[in-house]
Amino acid sequence: MEDTKPVVGAKAVLLDALFEISELSSEARDLASFFPAVHRIIGSLLPAENFYVALYHDLDDTIELVYLVDLADPNLNPAEVSSHDLHRGLTGYLLRSGDALLLSEDGFQALADEGEIANLGPNAVDWLGIPLKHDHKIIGAMVVQSYDPGTRYSEDDKALLTFAARQVVNTLERIRHRELLEQQIQERTQALQASNQLLRKEVQERKRAETFQSVMLHLSELANSDGEPQHFFSQVHQQVSRLIDARNFYIALLDQRQMLTFPYYVDQQQERAKDRRPGKGLTEYLMRSGKPVLVTKKIRDSLVAEGLLDPSGTHAVHWLGGPLVVDGQVVGALVVQSYDSNQRYRREDVELIQFVSRSVADALGRRRHREMLEEAKRQLEHKVAERTQALEELNKALRRQMQEKEALAERHRFDALHDALTGLANRAFFTSQLDRVLKSLTRYPNRRYVVAFIDLDRFKLINDSMGHLAGDQLLKQVSQRLKSCIRETDMVARLGGDEFVILFDCMQQNEDVDVATQRIVKAMHQPFEIQDQQVFSGCSVGVAHLTRRYRDASEVLRDADTAMYQAKSQGRGQVVCFDDTMRESLVSRFSLQNALRQAVEARQIFPAFQPIFSLPGKRLYGFELLARWPRNGGGELTPELFLDAAEETGIIVDIDTQMVSHACRQLGVWSHQLNEQPLFVSVNLSVRSLQHPAFIRHLIHEIRHHEVDPSQLMLEIRESALTHPSPLLDEVLHELCDLGVGLVLDHFGAGSATLGVLMQYNFRALKMSPHFLKQVTEHNKGQALLQSLTAVSRHLHIPVVAHGIETQAQFEAVRHLGFAFGQGEFLCQPLAPSQAELMLCA
């Protein structure tokens, strides 16, 4: 016993180290922080003061020293060690051989003599290297070495480091995959940013083009409009300001006196311009040229130097003007100017000014003609305005109708493709998308899709006990949690009832599928707030990987559903991936369920009575009634082979009904035939049966019909059924206690219920889980567990039945521990009713 403690301690240390290495995949930010952490963990397993890790790159056949701590050469930089030297040394030999290597000084010399390695670096006393392998490919090496004769490595150290290296490889690959994924995300983000910048530029150019078109349209309209000249010039100013900076804007015209006037003038430095005779100003220079002019400070200085401009004129940084030409003669100018060095005009702005000046000139030329027709035009415009307003009102009404119809059609399309309760995609929408994905696999064979079929646990119990409104609230909250567990590229749908399905897009590794499904299981395991109380549900998940062998969506859903049922059979909160053996198992289980249903209808399920003895004298104490199903041609099917199928399909209620009838009938017969008071009979019951009102009524009827003392009938209830009891189950159990029927807690000690359950219900006996009996002979801790159970029994004054005694050793153990009662095949096989009666009469 003492020799095993160090081994157990070493295993515990190893397990802690492996777990810590695995945790590094989430804690380590990158490989640079990962390897120091690995060095620390390896150092907790064996002496590792001198430790290094090298990675092999098969694309260019190079070895990279990524981490190094060496006391013999503490200043050595890993980056300075060349791949060529590593190839010639022990590292290269380790990678070529592919096997773990433990060498001393003699081994170094032997390899050097054989030409396998060159004597590079300081010689170590011991050198222990482990190749790092992933998918049968060598990806690197992990090495510890000792320069101290007092520190040596053994084969156990080699095995220990080899075992740890496997976990290091798994964690290393997860971190490298995560770094690759982050790099891809960064590259994708940069590409999106670049695309976004181009898009913004395009949008800006498009907006400018749209604004330019709008301005041109307004200027054309202004050219054809009437009204006061000041209003016209102000509107022109507003339109020009939409495209360029026009805080300084004026229009100059020659009047009949050949004076240069300024009918419209807005300037930051001068409130108003005075009329003048044409001279050597920029305005006159523009009018003389007859073309649009862009004048910078440099150009102005040049014109002044040539004597073409008066130096006392404007001091604008940029000056841009266009001539006003009417009937072939220049009659004025349209000008914008800037005094701010940060606000300059561009060459493309010249076209704008040219077009604006033409529009203004056309307006001035047409004004004479419009004056003659002004009154007629006003009347016409009035009629046009009235008609336009009527048409606008009609158009508004038509647009409202079209919008309403479009919104209604969109709502109908949405309702046809989505679940009304949760808003998720429905079966039709999901299957159409799944069919589309299946067709795309021929073009994109490397793109991996996964379908996860999700079924809620305990939904029917919640729905039946709390009402359909609570069930609907649960489904809505489930849908929200599922949406929070997926990416934007994934799709979640509700197929109906409590069944949901998710289509995962681009799952690179199987580990990604595991992470995603476990995230869903964890989310569903959290409590739900329903009707001001916490409700626990959970889920089972079946996974199917999409391949080209699937012809349509129904086949994928069928296999995912099959995997989900396999997960439910393994217990709550499980995730199972589909394989071909499951379909065969499902067909076999379906056949078993059909045969079982026929057997129940034909009343072919018979009772067997297993005696329960008091210990140590083996005096008959009672019977447990067991359900047996005879085979065609001899033998019988044990409950383990058919009761799970009965529970799944609900046939268990019919079986329990028949077994209760057998028990009450037999108790009635024995009470009349035997002189002594008959012993009790216990019957195992499913939670389904206890929550079925018709079953409870049948049980009470059978007790009264056969004149059975209720205390002689014992009902066995599994401990797992009381983990999360419903209000209905709680009410039924108290009703049975009030009736006088005895309750037995079956499989006590399995760990699923708390000791508070023993205080809540009036149990007549506790039946120990058969699992503990095996622990008595197979594990040293088994007796300690059994002693704790007997201590609970004595404290609560509730007897414990040792269930499943199959060997002499188990019998002696439970008797030695002080169990009051026992049953099992070692004591007596299950008996037919006639055999049980003979035992009672003996």
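Annotations for the structure displayed:
- Near Val125, the amide H atoms lying under 5 Å from its own belong to Ser146, Tyr147, Asp148; only residues 5 or more places off or on other chains count, and H is placed 1.01 Å from N.
- Residues Val801, Val687 in ascending order of nearby Cβ atoms (within 10 Å, fewest first): Val687, Val801.
- Peptides 199-205, 437-443, 468-474 ranked from most to least packed by the mean count of surrounding Cβ atoms within 10 Å: 468-474, 437-443, 199-205.
- Under a 5 Å amide H cut-off, with hydrogens placed 1.01 Å from N, Tyr264 pairs with Ile251 among residues at least 5 apart or on other chains.
- Expected 222 nm ellipticity per residue - DSSP helices of 4 or more, -39500 (n - 2.57), all of the chain, to 500: -17000 deg cm²/dmol
- Basic side chains Lys and Arg get +1 at the Cβ, acidic Asp and Glu get -1 at the Cβ, and with that the dipole of the chain about its Cα centre reaches some 3860 debye.
- Axis of helix 782-796 versus longest Cα principal axis of the chain: the two differ by about 80°, to the nearest ten degrees.
- Quotient of Cα Rg and 2.2 N^0.38 Å for the chain, N being how many residues it contains: 1.60
- Shape index of segment 304-393: Rg/Rh, with Rg the Cα radius of gyration and Rh the Kirkwood radius from the inverse mean 1/r over Cα pairs, equals 1.19.
- Rounded tilt (10° steps) of 580-601 against the dominant C-alpha axis of the chain: 50
- With contacts taken as Cα pairs under 8 Å at a separation of at least 6 residues, segment 224-372 carries a relative contact order of 24 percent.
- Taking 23 Å as the straight-line reach from the Cα of Lys280, the lysines in range (excluding those fewer than 8 positions away in the same chain) are Lys291, Lys297, Lys298.
- Applying the criteria of a DSSP loop state and at most 15 other Cβ atoms within 10 Å to the GluC sites (Glu not before Pro) of segment 69-168 yields Glu114, Glu116.
- Where only alpha carbons of segment 126-248 are counted, the Rg and the Dmax (Å): 36.3, 109
- The chain: angle of helix 639-649 to the longest principal axis, Cα-based, in degrees nearest 10: 40
- Dipole-positive endmost among Ile175, Tyr52, Leu101 within segment 4-183 (Cβ charges, Cα centre): Ile175
- Amide hydrogen neighbours beyond the local backbone of Arg628, cut-off 5 Å, H modeled: Phe606, Ala608
- Computed over the chain: relative contact order in percent, which uses C-alpha pairs under 8 Å that are six or more apart: 5
- Top positive-direction residue, dipole computed over the chain with Cβ charges, set Leu380, Val801, His698: Leu380
- Percent of Cα pairs in segment 112-168 per distance bin of 5 Å, from zero to the largest separation: 4, 15, 21, 21, 20, 14, 4, 0.
- Cross-link pairs beyond the 27 Å C-alpha cut-off, checked among Lys618/Lys767; Lys439/Lys483; Lys618/Lys774; Lys207/Lys383; Lys460/Lys483: Lys207/Lys383
- Entry note, segment 427-578: relative contact order of 32 percent, from Cα contacts under 8 Å with a spacing of 6+ residues.
- The Cα atoms of segment 427-578 define a convex hull whose projected area, averaged across directions, is 8.6 nm².
- For segment 513-607, the spherically averaged projection of the C-alpha convex hull amounts to 9.7 nm².
- Order of Ile41, Ile138 under a 10 Å beta carbon neighbour criterion, fewest first: Ile138, Ile41
- Karplus-derived 3J(HN,Hα), 6.51/-1.76/1.60, for each residue of segment 657-664, Hz, glycine and proline x: 4, 5, 5, 5, 4, 4, 5, 5
- Anisotropy class assigned to segment 251-290 is oblate, per the alpha carbon gyration tensor with a/c at or over the 1.5 cut-off and a/b no larger than b/c.
- Segment 224-372: proportion of alpha-carbon pairs further apart than 22 angstrom, %: 36
- Exposure proxy for Cys506, Cys828: other Cβ atoms within 10 Å of each Cβ, ordered fewest to most, give Cys506, Cys828.
- Across segment 151-159, rounded Karplus estimates of 3J(HN,Hα) from the backbone phi angles (6.51 cos²θ - 1.76 cosθ + 1.60, θ = phi - 60°) give 10, 10, 10, 10, 5, 5, 5, 4, 5 Hz, Gly and Pro being marked x.
- Bridge type composition, the chain - antiparallel percent by DSSP, nearest 5: 75
Quick note: the coordinates plus some simple rules give every number you see, no bench work behind them. All values derive from a computational prediction rather than experimental measurement. In this analysis, Cβ positions are derived from the backbone assuming ideal geometry, glycine residues included, and neighbour counts consider all displayed protein chains.
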